[in-house]
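Written out below as structure tokens is the structure these notes cover.
The values are calculated or read from the model by the stated rules, or taken from the named source; none is laboratory data. From a predicted model like this one, the values you see are computed outputs, not experimental measurements. Note that we place each Cβ from the backbone using ideal geometry, even for glycine, and neighbour counts take in every protein chain shown. Quick note on the areas: whole protein, heavy atoms, side chains included, nothing else; ligands and nucleic acids left out. Shrake-Rupley method; radii C 1.70, N 1.55, O 1.52, S 1.80 Å.
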Amino acid sequence: MIAVVVALLAATGPAAAGPRGIPDRLMLQPDDLGGAVPGPVEEGLAWPLLPQPCADRPIPHPVASRAQAADYDTRFRIYQNVARFRGDGAQRYLTELKSQLTDCGVGGADNGFDPVAEDHLGPDTVLFLGNYDLGDRWVAYVAAAVGRHVVVIMVSDSYLGAGDPTLANGLARAAMARLR
């Protein structure tokens, strides 16, 4: 009987009260993705889905995070990450991301991140590129803070190696609406 009581206390203690995952309703759905069905992100993805451009500077860390990917027509691969933060952590992450893009961005001439636009979809949003092949190819990113969540959309292009910022912006708008 003592073992049952101890087990019940352990199950209802701090470990069980930990952060819950990110629910399906907060993730992009096939209707948002032109009918594409999202699935898991492939192992070994080279690009981070919660970017930190300056490797030596800390960023706020989420309490929960979930990523998914989908093929958008035959050309683009869409990635989404939704992360939940405590308190004002989502806004602090976006503020730090913008600062790091400015301080550690590569300006399109090297591998790394290249800032494009801030607050273009409203406050706490940023559009940037992830450059590779010495800046000749890129993926498009949009990051946005909505309440306690940060959503990151990344678009890669399998043909030209030039992610589409317009597509990333449209999907980010849909993802932000789901978080409201």
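The table below gives the values:
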{"item": "Candidate values (1) 11.1; (2) 10.5; (3) 12.3, label of the one derived for mean projected area of the Cα convex hull in nm²", "result": "(3)"}
{"item": "Cα-based helix-to-principal-axis angle, 2-12 vs the chain, degrees rounded to 10", "result": "30"}
{"item": "Net dipole in debye of the chain [+1 Lys, Arg Cβ; -1 Asp, Glu Cβ; about Cα centre; nearest 20]", "result": "860"}
{"item": "Label-point separation in nm, Val37 to Arg25, each point 7 Å along Cα→Cβ", "result": "2.3"}
{"item": "Separation of the Arg180 and Asp73 label points, Cα + 7 Å toward Cβ, nm", "result": "2.7"}
{"item": "Probe 1.4 Å, accessible area per residue of the chain, Å²", "result": "51"}
{"item": "Heavy-atom accessible surface of the chain: percent carbon and sulfur, 1.4 Å", "result": "55"}
{"item": "Loop trypsin sites (Lys or Arg not before Pro), the range 32-81, which have at most 15 other Cβ atoms in a 10 Å radius of their Cβ (DSSP)", "result": "Arg75"}
